[in-house]
Amino acid sequence: MKTLLSCARLFVLLGTALLAVQVPFYVGQYGEALAAHYAESQRSLGQFQDEADRFFDGSIAELVSHYRDSDDEVFQAGGESIQAIYHRNLVLERSLARYRAGPVSAYTQALVRPVPEIKRAVLSDYSYVIRLDPGAIVFGLGVGVALTLVLELLARGGMLLVRSARRRRRAVSRGRA
């Protein structure tokens, strides 16, 4: 039984470490994809920004309003399109700024509050690798050891509860006899 538990502990440690070593690589790919999508968004917005600079002192909001106020349905629809491009650009800009704020922010942005479209793109093209740079190794082993310790503590706590319950039952049954 002890050998089986030792193997299980080792399996949990190694499995968790191998999975966790993927996280820094995923976070890096997410950041690259986020930057690429933001650059594409900037290019898409560029022509409209030129119009806003020329006619509305750089205000995209006034450009959109002008398009929407037009009697021409095509221009009204164009205003909606410009608004969508502008909104997407703002979302990507804010997300990229949070990502670049520091390592913790990058992990939080990529793992907790990702841009759904970027997350889907990264996951669909993700290829699992064993990237053995110091950060990935430390992260992988750290998560592996932490999870192994948590599971070990939970198992020991569970065994203590079972033993305590058995003792209480024995004490109760002795008191009745």
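The values are calculated or read from the model by the stated rules, or taken from the named source; none is laboratory data. Only a predicted model underlies this, so the values are computations on that prediction, with no experimental measurement involved. Cβ: placed from backbone, ideal geometry, glycine included. Neighbour counts: every protein chain shown. Only protein heavy atoms, including side chains, enter the accessible area calculation; ligands, DNA and RNA are left aside. Shrake-Rupley method; radii C 1.70, N 1.55, O 1.52, S 1.80 Å.
Does region 122-141 contain any residue that is more than 30 Å from Ala36 (Cα to Cα) and in contact with a helix residue (DSSP H, G or I) (Cβ under 7 Å, 6 or more places away or on another chain)? Scanning region 122-141 turns up at least one residue that is more than 30 Å from Ala36 (Cα to Cα) and in contact with a helix residue (DSSP H, G or I) (Cβ under 7 Å, 6 or more places away or on another chain). Close contacts from region 99-120, counting a first residue that is closer than 17 Å to Ala20 by Cα and a second that is hydrophobic (A, V, I, L, M, F, W, C) and in a helix (DSSP H, G or I), with Cβ to Cβ under 6 Å and a gap of 6+ residues or different chains, come to Ala106/Val27; Tyr107/Val27; Ala110/Val27. For Ile60, the criteria (1) at pLDDT below 90; (2) open to solvent by 30 Å² or more (accessible area, probe 1.4 Å) hold in every case but one, which is (2). In the set (1) under 30 Å from Gly28 (Cα atoms); (2) surrounded by fewer than 12 Cβ atoms within 10 Å (Cβ to Cβ), Arg100 fails one condition alone, (2). Quick check on region 103-121: of everything there that is of a type in the set (A, V, I, L, M) and exposed (fewer than 13 other Cβ atoms within 10 Å of the Cβ), which residue is farthest from Phe139 (Cα to Cα)? The qualifying residue farthest from Phe139 (Cα to Cα) is Val112.
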